[in-house]
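Notes for the one structure printed next.
The values are calculated or read from the model by the stated rules, or taken from the named source; none is laboratory data. Since this is a predicted model, take the numbers as computed values, not measurements. As a convention, Cβ positions derive from the backbone with ideal geometry for all residues, glycine included, and neighbour counts pool all protein chains shown. Surface accessibility is based on the protein's heavy atoms, side chains included, excluding ligands, DNA and RNA. Shrake-Rupley method; radii C 1.70, N 1.55, O 1.52, S 1.80 Å.
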Amino acid sequence: MTQEFLDTNQYSEISIMHYEQIFGHNYISPGGKEVADEFISTLNLRPAMMVLDIGCGLGGPAFRMAQKHYVNVDGIDISANMIRIAIARLKEEGLESLVNLKLGNCLELKDESIYELVHSRDVFLHVKNKDLLFEVILKVLVSGGRLCFSDYCLGQTKPSEEFDTYLHDRNYSLLTVTDYTKILKEAGFKNVHAEERTEHFVEILKRELLNLENSSLKEHEKYILQKSWMDKIKRADNGEQSWAWFYGEKL
Ligand SMILES: C[S@@+](CC[C@H](N)C(=O)[O-])C[C@H]1O[C@@H](n2cnc3c(N)ncnc32)[C@H](O)[C@@H]1O
């Protein structure tokens with residue numbers, strides 16, 4: 001997945017602004033601030049901990065981790081549009097002493113044994129080479145460090161032609177929860193576990209449809225997003241798509 005592809009398609013400036021109408025200010029992932037807080041509450045963060053947020057987007061989750069737990073967060077994102085907006089938002093939040101944001105592809109990270117936690121929310125669907133992804137993450141983690149992420153997954157039902165086309169057009173690489181767990185273990189992560197949260201995902205999507213209804217977007221803009229959200233609900237309901245939270249440790 002290239003920066004140019006994302007910046008000119010899914011994460012063009014206008015698309016980002018539309019997404020924010022659904023997810024909320026500073027968020028581009030399911031459930032916005034509420035779910036970010038729920039996810040963060042599972043992380044056992046302690047002040048001064050070193051955290052890497054992969055695919056930090058507009059910075060919402062990174063800002064919350066720093067505000068609530070005084071951790072140091074480095075955020076990396078491949079989209080120039082996201083990082084440009086995120087850096088402006090970082091200044092507005094006044095969190096420059098705790099949060100550092102940079103443009104880059106997580107697959108090209110060169111750091112070794114720096115982070116106690118790697119956090120990522122709904123990013124790895126964009127990354128085809130999961131073996132390399134987890135190799136890089138293991139390298140950046142300190143011994144005893146943890147990886148916690150959420151992601152779109154394939155369900156148990158074979159993807160329809162329509163779903164296949166969507167995955168192809170978005171350039172998404174989705175795995176089943178079982179395959180994800182297997183790849184994490186093969187990469188060398190220990191104490192791997194996955195929590196299937198598809199029902200939660202559907203509840204969130206339904207709430208977000210209401211946000212969209214009440215948003216200031218124009219009718220045709222609402223229609224495009226409504227269709228996309230309703231398709232996700234349909235795929236989750238019929239078992240084609242799922243959503244899960246994952247955990248793994250580096251020994
Ligand atoms: C669905 S958004 C999630 C943003 C953020 N995590 C949040 O919760 O609001 C996915 C983000 O991953 C970023 N991304 C995709 N591939 C990436 C890569 N290889 N390295 C770094 N960031 C990447 C995208 O640019 C986008 O900002």
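What the table below lists for this structure:
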read-out: Hits in region 73-92 - residues which are open to solvent by less than 30 Å² (accessible area, probe 1.4 Å) and under 24 Å from residue 244 (Cβ atoms); value: 73, 75, 76, 77, 79, 82
read-out: Those residues of region 110-122 which are of a type in the set (D, E, K, R) and either open to solvent by 40 Å² or more (accessible area, probe 1.4 Å) or over 18 Å from the mean Cα position of the chain (by Cα) (or both), in sequence order; value: 110, 111, 112, 116
read-out: Residues of region 64-91 satisfying the condition of being assigned to a loop (DSSP other than H, G, I, E, B) and more than 11 Å from the ligand (Cβ to nearest atom); value: 70, 71
read-out: Criterion (within 19 Å of the chain's Cα centre (by Cα), over 30 Å from residue 176 (Cβ atoms) and open to solvent by 10 Å² or more (accessible area, probe 1.4 Å)) met by exactly one of 138, 107, 101, 95; value: 101
read-out: Yes/no for residue 70 being buried (at least 22 other Cβ atoms within 10 Å of the Cβ) and among the hydroxyl-bearing types (Ser, Thr, Tyr); value: no
read-out: Contacts under 8 angstrom Cβ, first residue in region 80-95 being under 12 Å from residue 13 (Cβ atoms), partner small (Gly, Ala, Ser), 6 or more apart; value: 81/12; 82/57
read-out: Considering residues of region 24-67 that are on the phi > 0 side of the Ramachandran plot and over 14 Å from the mean Cα position of the chain (by Cα) only, the residue least open to solvent (accessible area, probe 1.4 Å); value: 24
read-out: Close pairs from region 107-118: first assigned to a strand (DSSP E or B), partner among the charged types (D, E, K, R) and open to solvent by less than 20 Å² (accessible area, probe 1.4 Å), Cβ under 9 Å, at least 6 apart; value: 118/53
read-out: When residues of region 128-140 are limited to those that are of a type in the set (Lys, Arg) and in a helix (DSSP H, G or I), the one nearest to the ligand (Cβ to nearest atom); value: 130
read-out: Among (1) closer than 16 Å to residue 31 by Cα; (2) of a type in the set (A, V, I, L, M, F, W, C); (3) in contact (Cβ under 8 Å) with a residue 24 or more places away in the chain - the single one residue 183 does not satisfy; value: (1)
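So that you can scan it fast, the table gives a plain yes or no per residue for (1) in a loop (DSSP other than H, G, I, E, B); (2) out of contact with any Lys or Arg (no Cβ under 6 Å at 6 or more places or on another chain); (3) over 22 Å from residue 205 (Cα atoms):
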site: 6; (1), (2), (3): no, yes, yes
site: 10; (1), (2), (3): yes, yes, no
site: 28; (1), (2), (3): yes, yes, no
site: 35; (1), (2), (3): no, yes, no
site: 39; (1), (2), (3): no, yes, no
site: 43; (1), (2), (3): yes, yes, yes
site: 51; (1), (2), (3): no, yes, yes
site: 56; (1), (2), (3): yes, yes, no
site: 62; (1), (2), (3): no, yes, yes
